[in-house]
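Below is one structure, written out as structure tokens, with a few remarks after it.
The values are calculated or read from the model by the stated rules, or taken from the named source; none is laboratory data. From a predicted model like this one, the values you see are computed outputs, not experimental measurements. Using ideal geometry, Cβ is built from the backbone for each residue, glycine included, and neighbour counts are taken over all protein chains shown.
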Amino acid sequence: MVERIATAVGTPNIALIKYWGKRDDRLILPMNSSVSMTLDEQLNTRTSVLFSEKLQADTVYINGTVQDINGTEVGERMVVLDILRGMAGDKRKALVVSNNQFPTGSGLASSASGLATLTYAAAGALGLELQPRELSMVARRGSGSACRSMMGGIVEWRKGDKPDGSDSYAEQIIKPGEWPELVDVMAILTESRKKVSSRAGMKQTVQTGILYRSRLDYVEGAVERAIDAMRKRDFQALGELIMRDSMNMHATMLDTWPPIMYLDDSSKEIIYKVQELNQSEGRIVGAYTFDAGSNANIIALEKDVGKITDMLEGLGSVKNILKLKMGNGPRRLGDGESLIDGTGLKPVA
Ligand code: PMV
């Protein structure tokens, strides 16, 4: 069988209406639909994959370190390799070499970027020609939010209803070039690992949360309203939905037992400062949103980025500010950019 190294680059996404909670842990089927913006390549994951008869076991390097994949969360996520092998009718083991160009585990959606890119590269290495929708369903099994990073622009993850998950996939709603003014101003407060992984945290919320049930009553409608606002390019309506949904999700985390708190005092300061800015301008200038970490994402229109960065620069807690546009989703890189030394079956030095 032909042995080919496939290399791809992919990016994280920031959820505008969030996914928090599964109805099926193994198939990674969500309790609710969600919608996100795929980010540009300033933050990215690069991954090379090779399937080879010479390998005795799957071997995974992340950021230069070989990973323990037996009974670990990283190992569980490698189910995407098994699914793709099954589709290709191929039993060979894989060498995966993946590098994140941003801090791992700091709520910067590294799992979404990582699993979308891995799925894309591995499908390429197996010579599989899959549609974006099919790829999104494979990536979903590695990390739910990864299915949304399989496409560019604004992407909806439809929760689906079927028990086998065949109707739970990502769909592009708006292409990057169709609303280029929409940007994400990211305020990085910490690069340290989060205390509770989203996988463990959301499970706890589904099992113990009291407020969580009322989130489920409201959130499907919020996804529809957010998509409608985006189609109309109505940033005022969208901004309010974004902020309220972030607060709603974090309220359900706080109401989990034992409680989960991702927002810290610096995150809260940003919330107050954005509220102040919006109040003083008499309109929504920026809409804050937080994933499973303390770092802030402020969604805004290009014309207002200066106002937001000025505000953030005045805060001592902000370590770095990035302005991210919408990205295009994963793409293949040439052989010259491979991270695998094909002859030695190891990462390039
Ligand atoms: O897919 P996971 O396990 O990384 O969970 C993502 C959860 C949030 O980032 C908090 C929300 C989301 O929709 O991305």
Practice problem: Scan the range 178-217 residue by residue and report those that are surrounded by fewer than 17 Cβ atoms within 10 Å (Cβ to Cβ) and touching an Asp or Glu at 6+ places or on another chain (Cβ under 9 Å). | Solution: Pro180, Glu181, Ser197, Ala200, Lys203, Thr208, Ile210, Leu211
Exercise. Determine, yes or no, whether Ser338 is among the hydroxyl-bearing types (Ser, Thr, Tyr) and within 29 Å of Tyr61 (Cα to Cα).
Key: yes
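State yes or no: is Ala222 in the same structural domain as Glu281 (by TED's automatic domain parsing), of a type in the set (A, V, I, L, M, F, W, C), within 16 Å of the ligand (Cβ to nearest atom) and at pLDDT below 95?
Working: in the same structural domain as Glu281 (by TED's automatic domain parsing): yes; of a type in the set (A, V, I, L, M, F, W, C): yes; within 16 Å of the ligand (Cβ to nearest atom): yes; at pLDDT below 95: no.
So Ala222 fails the test.
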Quiz item: Is there a residue being surrounded by 20 or more Cβ atoms within 10 Å (Cβ to Cβ), of a type in the set (A, V, I, L, M, F, W, C) and under 26 Å from Ala287 (Cα atoms) anywhere in the range 130-141?
Solution: no
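The rows are residues; the columns are (1) outside the structural domain of Thr190 (by TED's automatic domain parsing); (2) under 26 Å from Leu182 (Cβ atoms); (3) not acidic (Asp, Glu).
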| site | (1), (2), (3) |
| --- | --- |
| Val49 | yes, no, yes |
| Asp58 | yes, no, no |
| Val66 | yes, no, yes |
| Asp82 | yes, no, no |
| Ala139 | yes, yes, yes |
| Ser149 | yes, yes, yes |
| Gly152 | yes, yes, yes |
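Just to be sure I understand, how many residues within the range 261-315 are hydroxyl-bearing (Ser, Thr, Tyr) and in a helix (DSSP H, G or I)?
The number of residues fulfilling the criteria is 5.
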Quiz item: Out of the range 1-24, which residues are within 11 Å of the ligand (Cβ to nearest atom) and in a loop (DSSP other than H, G, I, E, B)?
Solution: Pro12, Lys18, Tyr19, Trp20, Gly21
Self-check item: Unmet requirement for Leu50, which otherwise passes all of (1) surrounded by fewer than 24 Cβ atoms within 10 Å (Cβ to Cβ); (2) away from the ligand (no atom under 14 Å from the Cβ)
Solution: (1)
Quiz item: Going through the range 197-244 one residue at a time, which ones are without any contact (Cβ under 8 Å) to a residue 24 or more places away in the chain and either over 23 Å from the mean Cα position of the chain (by Cα) or under 20 Å from Ile28 (Cβ atoms) (or both)?
Solution: Ala200, Gln207, Arg213, Ser214, Asp217, Lys232, Asp234, Ala237
